[in-house]
Amino acid sequence: MELIKAENVSKEYQVGEVAIRALNDVNFAIEPASFISFVGPSGSGKTTLLNLIGCLDKPTEGRLTVADTDVAGLDRRQGAAFRGEHIGFIFQDFNLMPVLTVYENIEYPLLMVQNVAAAEREERVRKLLDAVGMLDQKDKYPDQISGGQKQRVAVARALVTNPKLVLADEPTANLDSKTAYMIIDLMKKMRDEFKTTFIFSTHDQKIVGEAEIIYTLVDGAIAGRQVKGGNDNG
Amino acid sequence: MGNLFKIALRNLRRYRRRTVLTASLIAIGVLFVLVFVAVSGSFKNMIIGQITDSMLGHIQVHRKGYVASIDNLPLTLNMKPEAMAKLEKTFQGMPEIAAYSPRIKFGGMFSSFTETTNIRLNGVYPEKELKTLPLLASRIVEGEKAIRKGEVIIPELIARGMKLNVGDTIVIIATNKDGSVNGKQLRVGGVLESATGPGGRDGYLHIEDAVEILRMDAIEISEIALRLKDFGELNAVNDTLNAVLLGEVNKQGKPAFEVHTWEGLSPFFNIARMIDIMTFFIKLMLIAIVLVSIMNVMIMAVYERIREIGTISAIGTMPGKILSMFLIEGFCLGVFGAIVGNAAGLIIIFILKAVKVTFEFGRQTGLVLSPTIDVSDLFVVSLIVIGVAIIGSLQPAFKASRMEPIKALRHV
Ligand SMILES: Nc1ncnc2c1ncn2[C@@H]1O[C@H](COP(=O)(O)OP(=O)(O)OP(=O)(O)O)[C@@H](O)[C@H]1O
Ligand SMILES: [Mg+2]
């Protein structure tokens, strides 16, 4: 059973009189525990698509289901609850809470979104701190650590709730290429460990190669699907 | 909840200077209100105390119509002994009344044999009068602090104007209600300091001397001053008395008596009311200060943190939680301001009290201002501040909670 299924999904933005078609009749299906990348030039619709999958926005046409839930049917509160339950987010600018320590940032979704009991919280936060190699930095504030470290904390925060799916829109755009590889590697390692589906977008051709399935977007349409080790334009 | 407080407090610390400035503004507002309430309140209470405890008493009862013509002290509107007996019975049945003092008020001529002037006099039962007016004795600045038969306590202005001393002989001449004139020779027993307000320049003599001068067959009382055990019961006792005495009607079927509290008898009541109104407006100003400064800060806070709001909203934080985060931040600011303001206010009030500021009211000098503030005032002002702080945060917090995560995340 697929985790995500897009059937004829389109998205239009209305800017004044003009309608901008950011996604045009997109179809795909994503299996659990996949490691997937969407690539494409700027303006090709990557962010738009990830926002739809992440229940942050709704398609104008077509049907998009995530974990058997029709995304279009969720209201504001249901959307928040659904995201808190099933989806982890990693952002281009890390987006850690500046007033919380590394530890507290990772703990945040368990505490403020999911109401997990203290003992279990501590166990899960420590496990992820360890997994992303930030245990010794746990009491620092975000402005006291490097960009790569911030993104590692963000990866831990996205995974701490054991989501089915982690979405990362250009997670490496603000990192040097060495750190970028490390973050992608970390994400892959996490996928292996937690069986979480990772979807990231990028226009960095070098990083793209790390994905197992690569979708290429051009002008809001899927122009290619490439499975690692072979080309599969189906 | 504890975590919401933690985040709110850390955000306040993050913008420390702004937090300190806003909290200070609120604290200064609180400080001004408290000091004003304490000073004006103590001034008001002291003056009311002076008026009620050295002249008027708390409540006065007259025959119906007396107060309207009180300036000419009409002997024809005095109360008959039967009426007086009824009233005394009523008073004795009311445990709220600590003391009462019947008075015969009349106007007359006052002659030192070389000079003559007008005088207004109260014929009183000395013990009753001194019990009803505990500060009266302190107004007797020369002579013994007592009202004896054969003596008259004269107002300071007459004593000075006519160069009279304690022990001097004078004559009082008065017309009684039948129109016949009579006089009596008395000794100056004491000199009475003037007080501001009605009756503040009246003389005192023993009620039996008054009866003799006015040639009354039976004692006819002009007014009865009442002192209550608890001044706070003023309106309640007034209502009770009115209700009880409404039943007493004269031959025409109209009420026989009228009851007034000091408020209806002294023009200072309007000043006291003015002070209350000013206090109200100063509180209103405090509310405006708190409201505007908190709203300003919280609008800034929300604007600066749009991306953070977008982030926490994207990862699943419920709108209600985001709302509480900002409300709690405003609440904490209000609490800081209230605490600092209360502390500073108490210190200033304490200093003012220690310094013993004196002031004058009318002819009374050397009144010592002793500002005090009720714990209830501290609570009310603090609650107002904190409540308004929450109200001021409501709109920005609501805006934050309603933000679309994608829009917020795109915000630069
Ligand atoms: N909120 C919006 N309102 C109007 N048009 C939008 C909005 N968001 C995106 N678009 C338009 O939709 C198209 C796709 O944008 P999108 O952000 O999805 O591209 P992208 O692939 O993420 O680009 P980039 O690599 O630059 O991030 C673009 O033409 C963009 O201008
Ligand atoms: Mg994008």
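Taking region A:35-61 as the region of interest, how many residues are hydroxyl-bearing (Ser, Thr, Tyr), more than 7 Å from ligand 1 (Cβ to nearest atom) and within 25 Å of A:MET190 (Cβ to Cβ)?
So the first thing to find is which residues in region A:35-61 are hydroxyl-bearing (Ser, Thr, Tyr), and the list is A:37, A:42, A:44, A:47-48, A:60.
The next check asks that each one be more than 7 Å from ligand 1 (Cβ to nearest atom); those that pass are A:37, A:60.
From what is left, the residues that are within 25 Å of A:MET190 (Cβ to Cβ) are A:37.
Here the count works out to 1.
With respect to the conditions (1) part of a loop (DSSP other than H, G, I, E, B); (2) within 17 Å of A:LEU165 (Cβ to Cβ); (3) within 15 Å of ligand 2 (Cβ to nearest atom); (4) more than 11 Å from chain B (Cβ to nearest Cβ), A:LEU56 falls short on a single one, namely (4).
Which of the residues belonging to region A:185-223 are more than 16 Å from ligand 2 (Cβ to nearest atom) and of a type in the set (Ser, Thr, Tyr)? If the condition is that a residue be more than 16 Å from ligand 2 (Cβ to nearest atom) and of a type in the set (Ser, Thr, Tyr), then A:THR196, A:THR197 are the ones that fit. Of the residues making up region B:322-363, those that are in a helix (DSSP H, G or I), open to solvent by 60 Å² or more (accessible area, probe 1.4 Å) and closer than 30 Å to B:GLN50 by Cα are B:LEU346, B:ILE347, B:ILE348, B:PHE350, B:ILE351, B:LYS353, B:ALA354, B:VAL355. Here's a check for you: in region A:153-184, which residue that is open to solvent by 40 Å² or more (accessible area, probe 1.4 Å) and closer than 17 Å to A:PRO109 by Cβ is nearest to ligand 2 (Cβ to nearest atom)? Out of the qualifying residues, it is A:LYS164. If the condition is being within 13 Å of ligand 1 (Cβ to nearest atom) and either open to solvent by less than 20 Å² (accessible area, probe 1.4 Å) or over 21 Å from A:ASP70 (Cα atoms) (or both), then region A:22-34 contributes A:ALA22, A:LEU23, A:VAL26. Applying the set (1) over 15 Å from the mean Cα position of the chain (by Cα); (2) within 16 Å of ligand 2 (Cβ to nearest atom) to A:GLU61 leaves exactly one unmet item: (2).
Got at least one residue in region A:63-73 being within 16 Å of ligand 1 (Cβ to nearest atom) and on the phi > 0 side of the Ramachandran plot? Among the residues of region A:63-73, not one is within 16 Å of ligand 1 (Cβ to nearest atom) and on the phi > 0 side of the Ramachandran plot, which makes the answer no.
For region B:118-208, the strands (runs of 3 or more DSSP E) that sit wholly inside it and include 1 or more residues that are more than 25 Å from B:LEU77 (Cα to Cα) and open to solvent by 30 Å² or more (accessible area, probe 1.4 Å) are B:140-143, B:169-175, B:181-192.
The one condition from (1) within 12 Å of chain B (Cβ to nearest Cβ); (2) part of a loop (DSSP other than H, G, I, E, B); (3) among the hydrophobic types (A, V, I, L, M, F, W, C) that A:PHE82 does not meet is (2). Scanning region B:26-43 for any residue that is farther than 30 Å from B:VAL335 by Cβ and not assigned by TED's automatic domain parsing to the domain that holds B:LYS251 turns up at least one such residue. Against the criterion of being away from every other protein chain (no Cβ under 11 Å), in contact (Cβ under 8 Å) with a residue 12 or more places away in the chain and closer than 14 Å to B:LEU378 by Cα, B:VAL302 does not qualify. The residue of region A:203-216 that is surrounded by the most Cβ atoms within 10 Å (Cβ to Cβ), among those that are touching a strand residue (DSSP E or B) at 6+ places or on another chain (Cβ under 6 Å) and not in a loop (DSSP other than H, G, I, E, B), is A:TYR215.
Has region A:117-138 got at least one residue that is open to solvent by 20 Å² or more (accessible area, probe 1.4 Å), at pLDDT below 95 and polar (S, T, N, Q)? Within region A:117-138 (the criterion being open to solvent by 20 Å² or more (accessible area, probe 1.4 Å), at pLDDT below 95 and polar (S, T, N, Q)), the answer is no, since none of the residues qualifies.
Could you please let me know if A:VAL99 is within 12 Å of another protein chain (Cβ to nearest Cβ), among the aliphatic types (A, V, I, L, M) and surrounded by 20 or more Cβ atoms within 10 Å (Cβ to Cβ)? Yes: the conditions hold for A:VAL99.
Which one is surrounded by the fewest Cβ atoms within 10 Å (Cβ to Cβ), of the residues in region B:78-109 that are outside any strand (DSSP E or B) and of a type in the set (A, V, I, L, M, F, W, C)? It would help to see each step written out before you state the result.
In the first step, residues of region B:78-109 are kept if they are outside any strand (DSSP E or B); the result is B:78, B:80-96.
Going one step further and asking which of them are of a type in the set (A, V, I, L, M, F, W, C), we end up with B:83-85, B:87, B:91, B:94.
Details: B:ALA83: 18, B:MET84: 19, B:ALA85: 11, B:LEU87: 23, B:PHE91: 16, B:MET94: 15.
Result: B:ALA85.
Taking the condition more than 9 Å from chain B (Cβ to nearest Cβ), assigned to a loop (DSSP other than H, G, I, E, B), under 15 Å from A:ALA168 (Cβ atoms) and under 18 Å from the mean Cα position of the chain (by Cα), does A:PHE38 pass? Spell out the reasoning first.
Values: more than 9 Å from chain B (Cβ to nearest Cβ): yes; assigned to a loop (DSSP other than H, G, I, E, B): no; under 15 Å from A:ALA168 (Cβ atoms): yes; under 18 Å from the mean Cα position of the chain (by Cα): yes.
Judged against the criteria, A:PHE38 is not a match.
Evaluation of B:LYS80 against the conditions (1) free of Cβ contacts under 8 Å to residues at least 60 places away in the same chain; (2) more than 31 Å from the chain's Cα centre (by Cα) shows that the sole unmet condition is (1). Screening B:GLU258 with (1) acidic (Asp, Glu); (2) free of Cβ contacts under 8 Å to residues at least 12 places away in the same chain; (3) away from chain A (no Cβ under 14 Å) gives one miss only, at (2).
If you scan region A:69-96, which residues turn out to be surrounded by fewer than 20 Cβ atoms within 10 Å (Cβ to Cβ), more than 16 Å from ligand 2 (Cβ to nearest atom) and in contact (Cβ under 8 Å) with a residue 40 or more places away in the chain? Walk me through it before giving the result.
Here is the first cut: in region A:69-96, the ones surrounded by fewer than 20 Cβ atoms within 10 Å (Cβ to Cβ) are A:69-70, A:72-78, A:81-82, A:85-86, A:92-93.
From the residues that got through so far, the ones that are more than 16 Å from ligand 2 (Cβ to nearest atom) too are A:69-70, A:72-78, A:81-82, A:85-86.
Correct list: A:GLU85, A:HIS86.
The values are calculated or read from the model by the stated rules, or taken from the named source; none is laboratory data. Only a predicted model underlies this, so the values are computations on that prediction, with no experimental measurement involved. Don't worry about glycine lacking a Cβ; one is built from the backbone with ideal geometry, like all the others, and counts go over all protein chains shown. Ligands, DNA and RNA are stripped out before the accessible areas are found, and what is left, the full protein with its side chains, is counted by its heavy atoms. Shrake-Rupley method; radii C 1.70, N 1.55, O 1.52, S 1.80 Å.
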